[in-house]
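The values are calculated or read from the model by the stated rules, or taken from the named source; none is laboratory data. In this text, all values refer to a predicted model and were calculated from it rather than measured experimentally. Neighbour counts run over all protein chains shown; Cβ positions are idealised from the backbone, glycine included.
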Amino acid sequence: MNKNELDIILKEGEGYKIEFKENIQNDSLKTMEETVEKTTPKTREKTREKIIRLISKNPYITTEELSEKTGLTIKGIEWNIKKLKNENLLKRIGSKKGGYWQIINNNLENHE
């Protein structure tokens, strides 16, 4: 019986939790780890580019609006904004509610 067959039999809310672990050979595991290592920085870079692009279109955009437009959680947006600030790519001018974003360095934007 495979996982899909069990998913059909067991319905959510019955109080059972079944965890499936596959035996992965070392070569496959190594390949998966290498893929994750390569794609994670690229994904972060694309996310930051998207945030910078949205801010350049609307410097008054809120973290909630960024969250909606990127599909990230608000915490994810805040984490990315913190990184952009630490890298001197982004700066907040004014208060949290009445302020706006200033793009300090357009390097991310120019790599699109």
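What are the pairs, 6+ residues apart or on separate chains, where a residue within the range 57-79 that is in contact (Cβ under 8 Å) with a residue 24 or more places away in the chain has its Cβ under 6 Å from a residue that is hydroxyl-bearing (S, T, Y) and assigned to a helix (DSSP H, G or I)?
What qualifies is I77/T63; I77/S67.
What number of residues within the range 86-106 satisfy the criterion of being loosely packed, with under 11 Cβ neighbours inside 10 Å and under 21 Å from the mean Cα position of the chain (by Cα)?
Residues that pass the stated criteria total 2.
Please name all residue pairs, on different chains or six or more residues apart, with Cβ atoms under 7 Å, provided the first residue is in the range 95-112 and is modelled with pLDDT under 70 and the second residue is surrounded by 10 or more Cβ atoms within 10 Å (Cβ to Cβ) and of a type in the set (G, A, S).
Pairs found: E109/S56.
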